[in-house]
Structures are given as structure tokens and as C-alpha cells.
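First up is the structure itself, then whatever we jot down about it.
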Amino acid sequence: MSEPIHPTLAEVTRRIEQRSERTRIAYLEVVSRTARPGPYRSDMGCANAAHAYAAMPGEDKLLLRQERQPNLGLITAYNDMLSAHKPYEFYPERIRQKARSLGASAQVAGGVPAMCDGVTQGEAGMELSLFSRDVIALATAVGLSHNVFDAAMFLGVCDKIVPGMFMGALHFGHLPAVFVPAGPMTSGLSNDDKSKIRQQYAQGLVDRATLLSAEQAAYHSAGTCTFYGTANSNQMLMEIMGLHLPGSSFVNPGTPLREALTDAAVERAVALTHEPGSGVGHQITAEVLVNGMVGLLATGGSTNHTLHLIAMGRSAGWVINWEDFSDLSACVPLLARVYPNGSADVNHFHAAGGMGFIIRELLSVGLLHDDVQTIMGRGLQRYTVEPWLKQGVLDWREVPATSGDEDVLRPVTRPFSPDGGLRLLQGNLGRAVIKVSAVKPQHRKVSAPAVVVNDQKELEQLFKQGKLERDFIAVVRCQGPQANGMPELHKLTPLLGVLQDKGYKVALVTDGRMSGASGKVPAAIHVTPEAVAGGAIGKVRDGDLLTLDCEAQSLQVQVSDAELAARDAQLPDLAANGQGIGRELFGLFRDRPLLAEEGASPLLSGYAR
């Protein structure tokens, strides 16, 4: 049995419910108006229905014409560019066959775009990355808008794809939703070795061929990248929020167990169509969102979810903020060390006990809500298990009582850290978040002069010129959603790491994002308000003394209030940020008033505001 809810967990949940009362009621009213008994296609005109399944095989047409059995709509993010999404190429046919065996049918309702942040890091295309989440939400809605489906299945893994699908799914909250993972690639070159070679390349100690060989050894096959960035944080979230099958997040692609789990996901989707009130809109309660936040903190997950989870919650009428994350972080222990917070990858994490172990440990001390609805039924206790093939048939068993490797995964009685390592910073520069789970204690407070740039490539150039061999705090501004779409600044990680390793005190302050794999250098990110929206970060000058203090949760420029107010922002001409590589098409998004702490989504309106 799970223990009584921890008081902080209860308090954060209560205040989310309280501040969301109006918006949640408005959302549920929309869901209720849309829902109806029986197959959704049954009330359609004959011509409409004929169009919907004109291309389907004869046996499927007969089934659909009878208007008795469920029809599953598939939203797929398959493409060959993302290694994590390559396995989805053959999922639709497998799902169709399994659905037929259950007396149901399935159709690909639509595809959504899916870009690879690993390809676009540091390039102009990365400026489309964050807003691609909202395009995915829109594309999900287009696919499901045909309204001939009784449940939806979502085939997506990576950074913006799952949050976008989730947001789209909640606008069809009357439908049950099952998310279907594809699994991580097998382990290749270790993440530690990869990181070392990146730093050596940044210093000119190895050539491009050596770097490319290392990267190809790390990213070598179909499946999710094995570090614990946003993609794998997505998978953790879908499981701990009850939208995956238990233990399914980190099973490798192309294995018999992976295939059996995909078949079982179809079974659950079909079963949910017969269960009243099983729509995803009712399933995603404040308790479920808080469970997702706790999971993120306990595993050292991606900072990108301080944007995504907020936007995801608002799509169902729930209003969460950075104080909620920070307060939960103070009481949620860090139970996993997966790169960049350790040397292990997600395959090691899964082998050591994985999600079932994490969920059981957190439930045992009241740090998760057990009484929630999942696709498996009521109660998160259903997720303290792991899947296996028993004589070739899928079954679940309790996870082992002890961790398989305490260097990777620990019980709640012996955590790696008593807190989750995610903190809200506040001061005269605004509000920001910082992840300290991979930052050593001696690096958690930095007071140093500012080095101000308006583009990450400017900082790279200063590094190459040898002008950063000193203590400093890099202020990289004009990187927010309104300025240029808020790209990740992951390419700064190796060079800042090199300088820290040389003994310099360095840190980063930005209104942009770091990667979900941000690590050992302290980085105050998502600074709000951003520079182009009048934020104080736009008024910082080269040489100003800045203090970033993780323990005091403070972010200050040592300038008087009067002087700071009197200064004009020194911002560059940003016109080029809206041109080339398709960026012109996203002007509509950048022009909307966006705040990082509101999820940085241009789609949030009506009950979501």
C-alpha cells in the first residue's frame, strides 16, 4: 500500500486545483459537449462515412458499416530522420492486424512533423524547434478532426513531439488516448567518452574525423538516443502519468518484448472504448500532472519540461508554474543517475529496475498520488511492475526489491540527493530555472563579470580567440520565444565545460533554452521577461558583476535599481532571425505574447489562459 501523501505534494496539488478552478471547469464543459455514446461515425452522413473508409480493405469496411465496433485513430510521427521514430515505419500495419483480431479497426488519422534537435543544434533550423511542438498539436487536431475514431493511439518519442501530441490529444479529451513508445537504441560509445571527445574537439586537440567517429559510435542505430534528455524524459512522463503500458518506455526496438507490448497497447485502446468516462481529458487531473513533475525531479529529467509540462497542463485547463516545480523539488529526492547526471544511459537505468522501481519507491513515502486513473485502470500501483515474456506470452511481474545497480538507481532511503535539483531563481534580472543535479556544490554559486552576447556563435568566437580564459558569467540574450523561437544552446556546453575544468568560475544566464541534456555548468535558463519583451537581461552590460546563487535561489546584477531602470536595452537588429530555413512561416508564432513560465505556447487561449 502507498503511504499518506507528503504534505508538500498535497499543498502543491491543492493550489494548482485552486488557481485552475475556472479554467478546468471551462475545459471539462467542452469535453462533455463533444462526448456522446456509441461510435462517433454513427451520426455521420453516408457520403462522409464512405469517404472515411473508402481505401480500407473489405473486411474493415464491413465492420465499420455495422457501426458497432471501435475504430482507432493513429497519429504517427514516423520519419527516417529521427532514429527514435524509424521503428514506427511498420507500426500501423501491426496495429491494424491486432485491431482486426479484436474485432476492431484502425486507421492512420494523420502524420505530424518531427524534427531532430540533434541535427539542428546550433543551426538556423533550431529556431523552429520549440514552435514545432505547437505545429504538432495543430496537426494532431487536424488528424482527429474527422471525428470517426473512438480512441486515439500516438506514435511519438522525441523532444517536442510527445508534448505536442499530448496537447493535441487533450483538445479531443473525450477520446481515450494511448501513447506507444518505440524504445531506446542499444548502448554504444559511453556518454562520458562522447562528452570528453566533444571537449577535446572544442580545444582543437582532436580533428573532425575523430569527433564524427565518436558521434556515430554513440548514435548508431534505430531507437531513442540513450542519454537522459528530453526524449527519454518524455517516455518517463507518459509512463508515470499512466499513458504508457507499465514498464514499456525503455524496451529496445525490434525485440519480441517490444512487439508484444505494442500489441498489448492496441488491446488497451480497444478496451478503453467500452469503458465510460475513459477520455484522456478526464484522466489528466492535477494529481496526474503533479506525478509527472515528481517523476521529472526524481529522475533528473529535462529542463525543457519546465516549459512543456506547463503548456501540456494548460491544454486541459490546469495552471502550473515554476514555484510548483521548485517547491516539489525541495522534497523529492534524486533517485537516478543517468547521463548527464551520471555516467549510465537509459538502458542501464532500465536494467537496474527502471520505472517500476522509481514508482514503487516514491509511492512508499507518499511522493506520488496513487489514486489516479491510468490506461490500465485505477491506481498507480499498477505501474510497480515490469513486463516479460512468460513462455512467449506477455506478462507482468513485480520489480525486484533491490536496485540492480546503486550507482544508477537507488531506493528512497539512500538517494543520490535529498532534493530533485530543479530550482526557481529570482532577482532583479527576473525569474529563471536552473538544474543543479549534475552541478557540483562548489560550482553552485558564481559571482563574476558579465560577458554579454546576442548569439551563441559570438561566444564560440570569443572562446576560439582565447578571450574567455577567466572567471565570467555568459549572458546570452535575445534567445527567447519572441526573439528567435527559443532555440537550445547545447553547443555552448563543451566550451563552458572546458573552461570550468581549467578552474575558472563560469556560468550561463540566458532567456533561451539549454538542452534537455544540460549538465555540469550552472545555467540560469528561460529568463523571464526575455530581452525583447523589456526584460532586465537586455540591459546588462559587459563587465557588470552578476551573482548566480543556486542555494539562495537568487539571480542578480549588482547594479542599483535606479541605474537599471534608467538604462536602455542594447538589442541588435533581429530581422534576420525571421528569414530563411522556413522561419518566415513562424512569424505568426513569434509575434504572439509568450512567456516561458506560461509554457511559451502561442496556442494557449480561452480556458487555457
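What follows is calculated from the coordinates using simple rules that are stated; it is not laboratory data. Everything numeric here is computed off the predicted structure, so don't read it as measured data. Note that each Cβ is placed from the backbone with ideal geometry, even for glycine, and that neighbours are counted across all protein chains shown.
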Query raised in the report: Taking Cα pairs under 8 Å and at least six residues apart, what relative contact order does the chain come out at, in percent?
Result: 15 percent
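When only Cα pairs under 8 Å and 6 or more residues apart are kept, what is the percent relative contact order across segment 63-166?
Values: 163 pairs, mean separation 39.5, N = 104.
Across segment 63-166, relative contact order equals 38 percent.
About the Cα centre of the chain, how large is the charge dipole given +1 on each Lys and Arg Cβ and -1 on each Asp and Glu Cβ? Please answer in debye to the nearest 20. Could the numbers behind the result be given before it?
On the way: 56 positive and 63 negative charges, 66 e Å.
Charge dipole of the chain: 320 debye, to the nearest 20.
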Query raised in the report: Amide H neighbours of residue 452 under 5 Å, counting only residues 5+ apart in sequence or on other chains, H built in-plane at 1.01 Å?
Result: 475, 542, 543
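For a quick protection proxy, order the peptides 522-535, 377-390 by their average other-Cβ count within 10 Å, most packed first. Can you show the working numbers first?
Details: 522-535: 24.3, 377-390: 17.7.
Going by the mean number of other Cβ atoms within 10 Å, highest first, we get 522-535, 377-390.
Using the alpha carbon gyration tensor of segment 324-374, what are the three equivalent-ellipsoid semi-axes (square root of 5 times each eigenvalue), largest first, in whole Å?
Values: eigenvalues 93, 50, 16 Å².
Computed over segment 324-374, the values are 22, 16, 9 Å.
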**Report entry** Dipole axis of the chain (+1 Lys, Arg; -1 Asp, Glu on Cβ), positive-most option in 534, 147, 10
**Finding:** 147
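Using the crude model of +1 on Lys and Arg Cβ and -1 on Asp and Glu Cβ, and no other charge, please compute the dipole size for segment 257-329 relative to its Cα centre, in debye to 20.
Numbers: 3 positive and 8 negative charges, 30 e Å.
Result for segment 257-329 is approximately 140 debye, rounded to the nearest 20.
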Report summary line: Out of 306, 399, 474 - ranked by how far each Cα lies towards the positive end of the dipole of the chain, with unit charges on the beta-carbon of charged residues - the top one is 399
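Given the peptides 438-448, 106-116, arrange them by the average over their residues of other C-beta atoms within 10 Å, most packed first. Could the numbers behind the result be given before it?
Values: 438-448: 15.7, 106-116: 21.4.
Final packing ranking: 106-116, 438-448.
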Report task. State the answer as a single residue: which of 552, 178, 600 lies farthest towards the positive end of the charge dipole of the chain, with beta carbon charges of +1 for Lys and Arg and -1 for Asp and Glu, about the Cα centre. Result -> 178
Report summary line: For segment 322-410, the convex hull over Cα atoms projects on average to an area in nm² of 7.2 nm²
Query raised in the report: When only Cα pairs under 8 Å and 6 or more residues apart are kept, what is the percent relative contact order across segment 422-578?
Result: 32 percent
Report task. Per DSSP H run of at least 4 residues, take -39500 (n - 2.57); add these up for the chain, divide by its residues and hand me the 222 nm value, nearest 500 deg cm²/dmol. Result -> -10500 deg cm²/dmol
Requested in this report: Using only the alpha carbons, work out the radius of gyration and Dmax of segment 367-505 in angstrom.
Outcome: 22.3, 64
Report task. Taking only the C-alpha atoms, wrap a convex hull around segment 422-578 and report its volume per residue in Å³ as a whole number. Result -> 99 Å³
Report task. Work out, in µm²/s and without decimals, the Stokes-Einstein translational diffusion coefficient of segment 71-162 at 20 °C, 1.002 mPa s, Rh from Kirkwood over C-alpha pairs. Result -> 155 µm²/s
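Which of the peptides 467-475, 595-603 is most tightly packed, and how do the rest follow, judged by the mean count of other Cβ atoms within 10 Å per residue? Before the final figure, lay out each step's value.
Working: 467-475: 19.3, 595-603: 23.2.
Top of the packing list down: 595-603, 467-475.
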